[in-house]
Structures are given as C-alpha cells and as structure tokens.
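*Asks:* Starting off with a structure, shown below.
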C-alpha cells in the first residue's frame, strides 16, 4: 500500500481531530468529575454538618448511611451503625415506632412528615421527621431517606406557654374579682365568670358590647367616653392604676357599689384595658351598720351620762346631808346600771316587767324572812326607755319602802301584781304595788324625788295614770299603763 | 347661777324629751334660769297637742331629737310655722339634726346650765 499524499493528509487531519476530540473529552470528563466531586463534597458537608439527624435505611430497615449528628447524639461509631437496624440500638417500642413510619413511607411511596420520640442522654427528645422513599433508575423504591429535626425546646416552650395560659385562665376564672377587658373603642373583649355573677350578663351577651352601656349607670357614661378618648389622645388618665370606688349597674337595672382597678395594656400600637372589679355591697352594708352602731352607742352613752347628771342634780335637791346625798346617788346609779344590764341581755330591744320588779326588790330581801315580797303578773315586754323609767320608778318605790314603809321592819311585805284589762275600749295594764305590815305612813314623807320620778314616768312618759293612797297598812300605788309599743303583753 | 338666766326669767318653755330623768333635770335647770314650764311632752303627739293648747302662751322649746325611735321634726315644723323659737338637745350632737335642720341651734347631751342658758338666749 502506498499512501498517497492526499490520503496521508486526510489521515493526519483525522488523527489530529481525534486527538483534539479526545483531549477535549478527557478535559470535559475531568471537569465533570471534579464538579461532581465538589458537588458530592458540598452535599456531604451539608449533610455532615446539619443540626438535623439525617439517615438512609434500606427497605429492611438496615442503615445505609447516617450523618455526624446521628453519631454524636446517640454516641455510636459509624461502623457500628451501618448495616444495623434501630432494634440494635433502641428499646423495642422506640425502634418499632421508627420502623412503622419507615414502612408507611415505603408502602405509600410518598414523603411523610411525623413527630417521633427518641431517648437521648438527657431524656426523651421530640423530633419532626420528614421521610421520603429513594428510587432506583427503574423507579422502584430501594431505601427510605429521612431528616429528623429536634423540636424538644420549642415543644417545651410551647407547653410552658400553654401551662402559663391555662394557669392564667384558671386565675381569671376562679378569681373573686371579676375581670373585664375592653379594647380601645370601649368594647368588651374579656368577661370572666365572676363578671357574669356580678353583673348578670353571660359572656356570650357581654362580649362585643360597649362597656359603658353594659355596666355603668347612664349618668357616668359621658365621663367614661371622655376619659377614654383623652387617654388615647394624650395618655393622660385619672382612673388608671389605682383603686377606685364607683357605682355600677346590674343587668336588671339595679345599682350597686364596686371597687375596681384598671390597668392599660399596650401591645405595640394597640391599647386595651383590664379591670379587676369587686362587688362591695356587703362591705358597704357592714360599714354602714358599723357607723349606725357607733352613732347609736355614742347616743346611748351620752344619754346615760345625761341620766347620771340628772340623778346627781335631782338627788341633791332632796338630800339634807352629804351622806344622804351619797347614799341616794349611789343607789340610783346602781339601779340605772342594773336596768342597762337587763336591756343588754335583751340586745336593747326591751326587757320583761317581772324581771324589773324582781330586780329592784331583791336587794331588800330580809334574810330571816320568807315571803317579804310577792310578784305576780302576765308577761309584759317593755321598750328600752319604758324599761329604764319603770326600773328607776320601782327602785324609788323599793327604796322608800325600805326607808319608811313595809320593808323597814320585820314582817312587812310588798306585793306587786298586774293584769291586762280594758278601760273604755282601750287595753290597759293595771298594776298594784301594795305594802302591808309596815308602819303607818303619811303622804308628806313620800313627796320626794322618788315619787315625782314615778309619777312623771307613768303619766308623762308612759301616758298612764298613777294613784297613790296611804293608809294604816302602808302605801298602795296603782298604775294604769295603756298597752302600746312601750308596754306590750307578750 | 341665776345671773346668766336673768334675761330668760318668765319665759314659757316647752320641753320635749322622752326620758323622764332628763326631762326632770331640764325642768329643774329651766326653773333655775327663772323660766316657766309651759309643758313637758314625751312624744310627738303629746307635743303637738300641747303646742295647740298653748297657742300664744309659748315662748320657746327645747327638743330632744329621738323620741323612743320617733323623730321630733314634726314638732319642730309646727313650732317653725308658729314662729316659736326652739333648739335641739341631743346625744347625737349637731350631726343628729343635720338632715332636716342643718343650721339650727343644737346642744349636745349632757350639757351644763351655762350652755343651756346661752343657747336659749341666742334664740331671741
């Protein structure tokens, strides 16, 4: 074969071209391989350094690949893991749960996202796992690829938040104070069960309503609106962040006193107001009762002192000597104190006539004698003033009897009896005080303060009649006391 | 004791007081001042009857405020209508009458003779 120059040229050209192509191809292949290696390294770097756990398992659950994170958190060697299944490292139930999800992914041939739990050194951790099937060139699944992200911290934070919300809700719901929140326009946005109890509006009806039209008497509504507008415009507030007492309105139209404190809540540009409201009807009633009681006590003390003053003045008029003055003053003050005792026992609502008569005569019991007195009558309740007056009156009668009358000598006796009767259609209590067995008495000895007191008490205060008769047997005192609120048969 | 009351001598005074002891003391004190007792009532009804019966023979009145639970104001109104001067005497003090006669003369129980005397003089 002789090579012609034309052929040789062609051959050289072809060879050169081939060489060029080969060189080009070699270069291209080398570049492609470098690129692929770089790409591979990049992927490896991403996978290895990912904070998520990344793994590939074959369809039987054997690990084909795990990333560094996996190795780190489960404290295993990579060589220990590859070719093994979860059942080799985890408790059965944990491994079974992993396997179940892997199988669901393999069977459905779709990517799934689920939560999984894995035990770590510091306890159980929660993961969100995204698992997806890997397919070969023919499109058949041959492995499951998964990325699991630890959400334990977020979950704990969420749970803490929920717990805190639950706690706050519980506080709001069980608080003795009603808790009412309104938005910047004055509409109710929160309405605790206690608010329903206090104001009578169920939450469903209250929420969304204007607060002033719901719980404020009409006369306060304009001021509320102005205050709200002023605060929103200028930040100036008169009622915020302090305890105030107001009159509120119940759904049934009834007004009642409340105590409340309002706190503004700023969230970004949005302002709302939270109020703690307490129904203080009870407290106000107690305060009023206390004031009335104190006033009443003061009144009684002053009146008692005035009575003492009166006794001191009037006793002086009829006491010739200082000793006699002291004696009568002393006796009258003790009688006044006894009357107060009897009234206090009956809560100052009244006292029994029988107890008063008994009490005023008891000090003059003659120890050697029985039957120095006889007391008999129907049950009568006396008003406080009537009780005081009659107690003092019987004290005067008893003292006089002891000084000048039946009780001044042995064998003397006082009988007191009373009954209800009728005088011209008016019910009247007739009472007789009869002394017997005493010395003969004359009217003059009795015209002192004592009988004046008896007479004024019966005739002026109790609007009754008094008849005094003196005979050889002793004093007889007859009283007619009209039945009234002052003198009531029980 | 009587010097302070000399200008009050002969005045006819109505006493309205439910407690007998205090009414008796007031009678004695007014007697010391030279006054005469035009009447002594323990209830609103008694007092109103007495005011009608006395007509013009009444110069002034001393009124207890609480008459066994009953307020004395109808008596005060009747006196005011007749232009009869009166004063209150009460254990509650001035607060006791603020509801109806806020600026009226009030003496607080227990009171002394000079207080009673000055208060009565201030009525004329």
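*Asks:* Between the helical axis of A:281-317 and the dominant principal axis of chain A, each derived from Cα atoms, what acute angle in degrees is found, rounded to the nearest 10?
*Replies:* 20 degrees
*Asks:* So what is the 222 nm mean residue ellipticity for chain B from helices alone, if each DSSP H run of at least 4 adds -39500 (n - 2.57) and you divide by all residues, rounding to the nearest 500 deg cm²/dmol?
*Replies:* The helix contribution divided over chain B gives -10500 deg cm²/dmol.
*Asks:* Give the peptides A:315-325, B:50-60 in descending order of average Cβ contacts within 10 Å, highest first.
*Replies:* In descending order of packing, they fall as B:50-60, A:315-325.
*Asks:* When each pair of different Cα atoms in the protein assembly as shown is counted once in the 1/r mean, what is the Kirkwood radius in angstroms, to one decimal?
*Replies:* Numbers: mean 1/r = 0.0283 Å⁻¹.
Computed over Cα pairs of the protein assembly as shown, the Kirkwood hydrodynamic radius comes out at 35.3 Å.
*Asks:* Want the number for residue A:175 to residue A:478: 0.36 nm per residue separation, take away the alpha-carbon distance, what's left?
*Replies:* Here the answer is 102.3 nm.
*Asks:* Here's another thing I want to ask about it. Hey, what D do you get for the stretch A:390-490 in µm²/s if you plug the Kirkwood alpha-carbon radius into Stokes-Einstein at 37 °C and 0.692 mPa s?
*Replies:* This corresponds to a translational diffusion coefficient of 236 µm²/s.
*Asks:* Now for a separate question. What angle, in degrees between 0 and 90 and rounded to the nearest 10, separates the Cα long axis of helix A:5-49 from the longest principal axis of the Cα atoms of chain A?
*Replies:* Here the helix axis deviates by roughly 20 degrees.
*Asks:* Out of all DSSP beta bridges in the stretch B:3-122, what portion is antiparallel? Express it as a percent rounded to 5. Don't skip to the answer; put the middle values down first.
*Replies:* On the way: 2 of 18 bridges.
Of those bridges, close to 10 percent are antiparallel.
*Asks:* Determine by what factor the alpha-carbon radius of gyration of chain B differs from 2.2 N^0.38 Å, reporting the quotient.
*Replies:* Values: Rg = 13.0 Å, N = 124, 2.2 N^0.38 = 13.7 Å.
In units of the 2.2 N^0.38 Å rule of thumb, it is 0.95.
*Asks:* Just rank A:28, A:201, fewest to most, by other beta-carbon atoms within 10 angstrom.
*Replies:* A:28, A:201
*Asks:* I need to check one value: relative contact order of chain B, counting alpha carbon pairs closer than 8 Å and at least 6 residues apart, in percent. Let's see the in-between values first.
*Replies:* On the way: 205 pairs, mean separation 29.1, N = 124.
Relative contact order comes out at 23 percent.
*Asks:* If each of residue A:349 and residue A:162 carries a label point 7 Å out from its Cα toward its Cβ, how far apart are those two points in nm?
*Replies:* The two pseudo-label positions are separated by 6.0 nm.
*Asks:* Considering just Cα atoms, how many Å³ per residue does the convex hull of the stretch A:80-178 enclose? If you can, show how the numbers build up before the last one.
*Replies:* Working: hull volume 14.3 nm³, N = 99.
Dividing the Cα hull volume of the stretch A:80-178 by its residues yields 145 Å³.
*Asks:* Shifting gears a bit: With axes computed from alpha carbons, what is the tilt in degrees of helix A:92-108 against the longest principal axis of chain A, rounded to the nearest 10 within 0 to 90?
*Replies:* Helix A:92-108 and the main axis of chain A meet at about 60 degrees.
*Asks:* Next question. Which value in nm describes the separation of the simple spin-label points at residue A:218 and residue B:37, placed 7 Å from the Cα toward the beta carbon?
*Replies:* 5.7 nm
*Asks:* Return the average number of partner chain Cβ atoms within 10 angstrom of each residue Cβ along peptide A:454-462.
*Replies:* Across A:454-462, the average partner-chain Cβ count within 10 Å equals 5.
*Asks:* For peptide A:296-304, how many partner chain Cβ atoms fall within 10 Å of a residue's Cβ, on average?
*Replies:* Mean partner-chain Cβ count within 10 Å for A:296-304: 5.
*Asks:* If packing is taken as the average count of other Cβ atoms within 10 Å, what order do A:110-118, A:52-60 fall into, highest mean first?
*Replies:* In descending order of packing, they fall as A:52-60, A:110-118.
*Asks:* Using the 10 angstrom Cβ neighbour count as an exposure proxy, how do A:391, A:125, A:184, A:162 rank, fewest first?
*Replies:* Sorted ascending by nearby Cβ count, the order is A:162, A:184, A:125, A:391.
*Asks:* Another one. Where does chain A land at 222 nm, in deg cm²/dmol rounded to the nearest 500, when only DSSP H runs of n ≥ 4 count, each adding -39500 (n - 2.57), divided by all residues?
*Replies:* -15500 deg cm²/dmol
*Asks:* Averaged over every viewing direction, what's the projected area of the C-alpha convex hull for the stretch A:164-314? Give it in nm², one decimal, please.
*Replies:* That works out to 13.4 nm², a quarter of the Cα hull's surface.
*Asks:* Using alpha-carbon pairs under 8 Å, 6+ residues apart, how would you state the relative contact order of chain A in percent? Walk me through the numbers before you get to the answer.
*Replies:* Details: 735 pairs, mean separation 33.4, N = 490.
So the answer I get is 7 percent.
*Asks:* Would you mind ranking B:90, A:381 so that the residue whose beta carbon has the fewest other beta carbons within 10 Å leads the list?
*Replies:* A:381, B:90
*Asks:* A further question follows. How crowded by other chains is A:309-321, given as the mean number of beta carbons from other chains within 10 Å of each beta carbon?
*Replies:* Whole-number average of other-chain Cβ neighbours for A:309-321 is 3.
*Asks:* Over the stretch A:222-267, what is the relative contact order in whole percent, taking alpha-carbon pairs under 8 Å and six or more residues apart?
*Replies:* In percent, rounded to a whole number, it is 31.
No value in this document is a laboratory result; all are computed from the given coordinates. What you see is a predicted model; the values in this text were computed from it and never measured. Ideal geometry is used to build each Cβ from the backbone, glycine not excepted, and the neighbour counts take in all protein chains shown.
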